[in-house]
Amino acid sequence: MKPGPKVAVVMAGGKGTRFWPRSRSARPKQLLAIAGSETLLHQTVHRLDGHFAPEHIFVVTTEELAEATRRMLPELPSENVLVEPEGRNTAPCLALSLVEIERRVPDGVMVVLSADHWIGDPDLFMEDVEVAVRHASDTHELVVFGIRPTYPETGYGYIEAQPAEPGSGPVRKVLAFREKPPAELALQYLESGRHYWNAGMFVWTLKDLRNGLAAHCAEVLGPLDEWMAAGSDPASLGEAYGRLPQVAIDVALMEKARNVALVETRFRWSDVGSWPSATQFHPTDANGNVAVGDVVLVDVKDSAVFGGGRLIALSGVRDLIVVDEPDALLICHRDQAQSVKKIVERLKLEGRAELL
């Protein structure tokens, strides 16, 4: 049977606090050009060109970012920017997408993407999407993309899948979702050959998503169905949304469902999760340094400088991340870059809203 029309849902409400001071509440990671000349959001949407009709591409974001998102993506209908009254994790985000899209494309197959990831090999990406769309339509399984791990990463969740059988193709049955592991366990996952990084990208028919949420997390769907039945007044969405649990789609649905399949991807992928990960998109010198902007380095090794409008000079140091903005300067050890979000938390506690 021919699959229904593809619809893309791009989740774009994240704050990207690990990219402070360049990332701010009104200019989060997905609105920055971290991995090339285009913003990550631009890249995500433009990757779909020619494969998804513009009216079938939806971007979910916050009230604070809605206008900036619409201005950045004039090729999409304004009403396709769906606005969450507040961030309540990915399950409410996708439940809102479901009830909004059902009335427009009721037989659609939903492809869920993150606005702040980098994907290489766009042709391979779209081929893998088509595999997932066909499988979801034919089997009514919930499909997740699995990234073959290349090192024992402790910051990602993992998916355990059945080993490939001869001639089985890229689709595997999912056995379990695994939490972010300690280093020793991450190494075991890497060596097992049956564990994949969970990139948080999914494919399912709208009907199968509804059935899954109704069976495993009805409380994330009920208030939104009531809101739709009452006329879907935008002014009353906040009340309905406030009744939803704050829960990730992995916990609400994927870890509980038994009809879950994995497509082993072939494209290059990065979640661009911190400043060190951004260095892969820039050339390095003979000493392993990345220098963006007006930068002078003397006896410096394995460091990255993301300059602003002024000269930055470093001497006799190594393993540093430096990010310069007009009102703030970040200096940290590259091994501690994940903790930049703690600086943001401290600034919040101190009431430094002008820096957030």
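Quick rundown of the values:
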| quantity | calculated |
| --- | --- |
| Rounded to 10°, Cα long-axis angle of helix 90-102 versus longest principal axis of the chain | 50 degrees |
| (1) 63, 53, 34; (2) 63, 54, 38; (3) 58, 45, 39, with the label sought being that of the calculated Cα extents along the principal axes in Å | (2) |
| Check: the chain dipole with +1 on Lys, Arg Cβ and -1 on Asp, Glu Cβ, in debye | 380 debye |
| Trypsin sites (Lys or Arg not before Pro) restricted to the range 4-104 and DSSP loop, no more than 16 other C-beta within 10 Å | Arg103, Arg104 |
| Karplus-derived 3J(HN,Hα), 6.51/-1.76/1.60, for each residue of the range 39-44, Hz, glycine and proline x | 5, 4, 5, 4, 4, 4 |
| Surrounding net charge for Pro276, when Lys and Arg each add one and Asp and Glu each subtract one, Cβ distance under 13 Å | -3 |
| The range 95-129-the range 177-225 distance, computed between alpha-carbon centres (Å) | 16 Å |
| Crossing angle, helix 183-192 versus the chain [Cα axis fit, 0-90 degrees, rounded to tens] | 60 degrees |
| Restraint check, Lys301/Lys341; Lys173/Lys256; Lys15/Lys173; Lys2/Lys207; Lys15/Lys301; Lys180/Lys348, Cα-Cα greater than 22 Å | Lys301/Lys341; Lys15/Lys173; Lys15/Lys301; Lys180/Lys348 |
| Qualifying aspartates and glutamates (Cα of each under 17 Å from Cα of Lys29; at least 8 residues distant if same chain) | Glu38, Glu63, Glu64, Glu67, Asp116, Asp271, Asp324, Glu325, Glu345 |
| Cα centre as origin, Lys/Arg/Asp/Glu Cβ charges: the range 1-58 dipole, Debye | 320 debye |
| Full-extension gain in nm, Asp123 to Asp299, via 0.36 nm per residue minus C-alpha separation | 59.2 nm |
| Overall Cα dimensions of the range 275-355, principal axis frame, Å, largest first | 42, 25, 24 |
| Acute angle (nearest 10 degrees) that the helix 340-349 long axis makes with the longest principal axis of the chain, alpha-carbon atoms | 90 degrees |
| Counting DSSP beta bridges with both ends in the range 117-267, the antiparallel % (nearest 5) | 75 percent |
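None of the figures in this text is laboratory data; all of them are computed from the coordinates on show. Here the structure is a predicted model, which means the values were calculated and not measured. Note: ideal-geometry Cβ built from the backbone for every residue, glycine included; neighbour counts use all protein chains shown.
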